[in-house]
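Asks: The structure is given below, and queries will be raised subsequently.
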Amino acid sequence: MEKRVYCAKCGQEQTYRINSVPMVGRIKDEMYSYTGQEARCSTCGERLQVDEINDMNLRLLYDLYRKKKGIISLEHIRAIPVRYAIGKRPLSKLLGWGELTFTRYYEGYMPTRQYSEVLKRLYEDPAFYKEMLERHKELLGSSRSYEKSLKAVEKLLVLSRSREDSKIDRVTRYLLYRCEDITPLMLQKALYYIQGFHYAFLGIFPFEEDCEAWTHGPVFKEIYLRYKDYRYEPEQERKAFDASVFTAGEKVVYDSVINFFCCYSGRVLERITHNEAPWLKARGSLPLSAYSEEIIGKESLGQYFLAVKEKYHMVNPGDIRAYAEDMFSQSCVVPVG
């Protein structure tokens with residue numbers, strides 16, 4: 001059923017179309033520019049007030065503010081009770097906060113930077129949560145609540161340990177070993193291209209994990225959380241990596257991606273992925289600045305890279321170079337006028 005809202009100009013409820021438009025908002029005397037959405041009457045073109053669109057634009061504005069100030073996102077705050085199977089009030093007690101403090105943050109109240117850092121660590125580090133749970137379990141007042149939350153966090157810890165030697169983790173360590181100046185942004189794009197070209201040349205995806213269509217391009221979320229603060233220091237000792245864990249076919253794909261994509265900056269690779277169908281299809285009509293955890297489907301990814309392989313007449317992974325150079329040229333084109 002089509003959604004309708006009242007149009008004052010038409011004098012009745014009408015269907016509407018949604019357009020992406022540039023917007024400017026103010027928070028605490030600071031101005032923020034972003035791409036939001038507006039509703040226009042399908043009959044007369046009058047701008048309409050649609051509560052869910054207004055709410056989304058407000059969330060986009062506050063997401064920009066949170067990102068600039070390094071404040072944890074509302075989505076991550078709301079994920080914490082689910083991850084650890086605990087209520088909002090009991091969690092606030094475990095943290096040693098007022099009983100309703102976490103509830104206010106869950107409902108959208110902006111945490112201070114100090115509280116935000118605690119919440120970030122809570123979201124990212126199950127071991128930190130388990131330690132807190134064990135230390136303050138008497139505050140829960142119910143052994144059942146404690147056991148339920150303990151079971152949830154132990155499941156996360158087992159999953160985390162099992163991933164430490166997963167294929168994507170081994171490839172990540174290889175990329176860090178091979179690329180001295182790799183950044184978290186570049187790392188994500190390299191993993192994305194390895195996922196796509198591995199399928200195109202070898203017929204299977206190397207990673208079970210799905211990547212998501214974030215604002216800055218495709219992202220493997222668990223790897224992002226683990227390496228988002230990674231910085232290479234010239235004086236640090238590089239850990240040796242035994243590449244014999246890969247087959248010859250796998251290694252030539254990985255090395256080709258390193259040679260022909262990792263020579264560009266993370267920002268350049270971001271622009272390239274913004275022009276590719278898998279990321280565009282996953283995000284649909286979302287504005288560029290909109291938060292999203294939409295999955296880039298493996299079917300979409302596989303079809304795209306098979307088509308790229310055919311279009312560029314690739315015989316072996318070394319032929320990736322032509323595609324990389326072509327996409328780099330396109331990403332550098334600046335519109336005239």
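Asks: Take region 190-208 and flag every residue that is surrounded by fewer than 17 Cβ atoms within 10 Å (Cβ to Cβ) and either farther than 23 Å from ASN316 by Cα or under 18 Å from the mean Cα position of the chain (by Cα) (or both).
Replies: Kept after step one, since they are surrounded by fewer than 17 Cβ atoms within 10 Å (Cβ to Cβ), are these residues of region 190-208: 202-204, 208.
The answer is GLU208, and nothing else.
Asks: Take LYS28 and tell me if it is touching a Ser or Thr at 6+ places or on another chain (Cβ under 8 Å), without any contact (Cβ under 8 Å) to a residue 60 or more places away in the chain and either basic (Lys, Arg) or within 22 Å of LEU286 (Cα to Cα) (or both). Spell out the reasoning first.
Replies: On the way: touching a Ser or Thr at 6+ places or on another chain (Cβ under 8 Å): no; without any contact (Cβ under 8 Å) to a residue 60 or more places away in the chain: yes; either basic (Lys, Arg) or within 22 Å of LEU286 (Cα to Cα) (or both): yes.
For LYS28, the condition - touching a Ser or Thr at 6+ places or on another chain (Cβ under 8 Å), without any contact (Cβ under 8 Å) to a residue 60 or more places away in the chain and either basic (Lys, Arg) or within 22 Å of LEU286 (Cα to Cα) (or both) - is not met.
Asks: Answer yes if at least one residue in region 69-83 is in contact with a Lys or Arg (Cβ under 6 Å, 6 or more places away or on another chain), surrounded by fewer than 18 Cβ atoms within 10 Å (Cβ to Cβ) and of a type in the set (A, V, I, L, M, F, W, C), and no otherwise.
Replies: No, region 69-83 has no match at all.
Asks: Quick check on this structure: which one of LEU139, LEU133, LEU187, LEU150 is part of a helix (DSSP H, G or I) and under 22 Å from the mean Cα position of the chain (by Cα)? Walk me through it before giving the result.
Replies: Values: LEU139 fails: under 22 Å from the mean Cα position of the chain (by Cα); LEU133 fails: under 22 Å from the mean Cα position of the chain (by Cα); LEU150 fails: under 22 Å from the mean Cα position of the chain (by Cα).
Sole residue among the options that is part of a helix (DSSP H, G or I) and under 22 Å from the mean Cα position of the chain (by Cα): LEU187.
Asks: Just checking, does region 86-95 include any residue being of a type in the set (Gly, Ala, Ser) and loosely packed, with under 12 Cβ neighbours inside 10 Å? Before you say what the answer is, go through the steps one by one.
Replies: The first filter runs over region 86-95 and keeps only residues of a type in the set (Gly, Ala, Ser), leaving 87, 92.
Still in the list and also loosely packed, with under 12 Cβ neighbours inside 10 Å: none.
Within region 86-95, none of the residues are of a type in the set (Gly, Ala, Ser) and loosely packed, with under 12 Cβ neighbours inside 10 Å.
Asks: A further question on this structure: Collect the residues in region 133-165 that are under 15 Å from ALA85 (Cα atoms) and modelled with pLDDT under 80, keeping them in residue-number order.
Replies: The answer is SER142, and nothing else.
Asks: If you scan region 177-190, which residues turn out to be more than 13 Å from TYR230 (Cβ to Cβ) and in contact with a strand residue (DSSP E or B) (Cβ under 8 Å, 6 or more places away or on another chain)?
Replies: LYS189 - this is the single residue of region 177-190 that is more than 13 Å from TYR230 (Cβ to Cβ) and in contact with a strand residue (DSSP E or B) (Cβ under 8 Å, 6 or more places away or on another chain).
Asks: Having 2 or more residues that are surrounded by fewer than 16 Cβ atoms within 10 Å (Cβ to Cβ) and of a type in the set (D, E, K, R) is the bar; report the helices (runs of 4 or more DSSP H) wholly within region 261-337 that clear it. Write out each step before concluding.
Replies: On the way: elements: 266-273, 277-283, 298-311, 320-331.
Where helices (runs of 4 or more DSSP H) fall fully within region 261-337 and carry at least 2 residues being surrounded by fewer than 16 Cβ atoms within 10 Å (Cβ to Cβ) and of a type in the set (D, E, K, R), they are 298-311, 320-331.
Asks: From the list ILE296, ILE258, which residue is under 22 Å from MET327 (Cα atoms), assigned by TED's automatic domain parsing to the domain that holds LEU175, touching a strand residue (DSSP E or B) at 6+ places or on another chain (Cβ under 8 Å) and of a type in the set (Val, Ile, Thr)?
Replies: Within the list ILE296, ILE258, the selection yields ILE296.
The values are calculated or read from the model by the stated rules, or taken from the named source; none is laboratory data. The structure presented is a predicted model; accordingly, all values stated were derived computationally and were not measured. Cβ: placed from backbone, ideal geometry, glycine included. Neighbour counts: every protein chain shown.
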